[in-house]
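The block underneath contains the structure these notes are about, expressed in structure tokens.
The values are calculated or read from the model by the stated rules, or taken from the named source; none is laboratory data. Computed from a predicted structure; not experimentally measured. Here the Cβ positions follow ideal geometry from the backbone for every residue, glycine too, while neighbour counts run over all protein chains shown.
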Amino acid sequence: MQYQSAPTGALSSDDLLKWLDQVADDRDLAPVTSRIATRLATKLTGGESRVELVLDQVADDLKIGKTTAHRALAALRDRGHVVAAPCRGNVLAYRPVLRQEA
């Protein structure tokens, strides 16, 4: 399986939907992970290629535990659905990775 992301530009709306389906179809992820992915995708609708997420705030917004939010995003990284990069302080910026079928 090959991986593709948007290194120089944002994913299109269609690709974001494909990415959300990709995350939802990953049976090794907890259901709450799709909620985190949806939050990430909604912040990318302005044409950005990556988004900063303050997970404690996301956890509060989604009414889930902070540890749960951190584990869910770590699972997205571990399973290759997102790439994380430091952007400021202890905040990371996340970029979705869309798997392209060979």
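Six or more apart or on different chains, Cβ atoms under 6 Å: show the pairs whose first residue is in region 9-27 and touching a residue at least 60 places away in the same chain (Cβ under 8 Å) and whose second is part of a helix (DSSP H, G or I).
Leu16/Ala41
Quick one: in region 30-48, of everything that is assigned to a helix (DSSP H, G or I) and among the small types (Gly, Ala, Ser), which residue is farthest from Arg95 (Cα to Cα)? Walk me through how you get there before you give the answer.
Filtering region 30-48 for residues assigned to a helix (DSSP H, G or I) gives 31-43.
Cutting the leftovers down to among the small types (Gly, Ala, Ser) gives us 34, 37, 41.
Numbers: Ser34: 15, Ala37: 11, Ala41: 10 Å.
Among them, the one singled out is Ser34.
For the list (1) within 16 Å of Ala10 (Cα to Cα); (2) surrounded by 15 or more Cβ atoms within 10 Å (Cβ to Cβ); (3) in contact (Cβ under 8 Å) with a residue 24 or more places away in the chain; (4) not basic (Lys, Arg), I need the number of the one condition that Ala75 fails.
(1)
For region 35-47, state whether one or more residues are within 15 Å of Val97 (Cα to Cα), at pLDDT 90 or above, among the β-branched types (Val, Ile, Thr) and surrounded by fewer than 16 Cβ atoms within 10 Å (Cβ to Cβ).
Yes, that holds for at least one residue.
Collect the residues in region 49-100 that are more than 16 Å from Val23 (Cα to Cα) and assigned to a loop (DSSP other than H, G, I, E, B), keeping them in residue-number order.
Result: Ser49, Arg50, Val54, Lys63, Ile64, Gly65, Gly89, Asn90.
Looking at Leu53, Leu62, can you tell me which residue is under 12 Å from the mean Cα position of the chain (by Cα), surrounded by 13 or more Cβ atoms within 10 Å (Cβ to Cβ) and hydrophobic (A, V, I, L, M, F, W, C)? Give the steps one after another, and end with the answer.
Values: Leu62 fails: under 12 Å from the mean Cα position of the chain (by Cα).
Answer to the check: Leu53.
Any residue that is over 14 Å from the mean Cα position of the chain (by Cα), at pLDDT below 95 and either over 23 Å from Gln100 (Cα atoms) or of a type outside the set (Lys, Arg) (or both) - is there at least one of those in region 14-22? Write out each step before concluding.
Residues of region 14-22 over 14 Å from the mean Cα position of the chain (by Cα): 14.
Those still in the list that are at pLDDT below 95 too: 14.
Narrowing the set further to residues that are either over 23 Å from Gln100 (Cα atoms) or of a type outside the set (Lys, Arg) (or both) leaves 14.
Yes.
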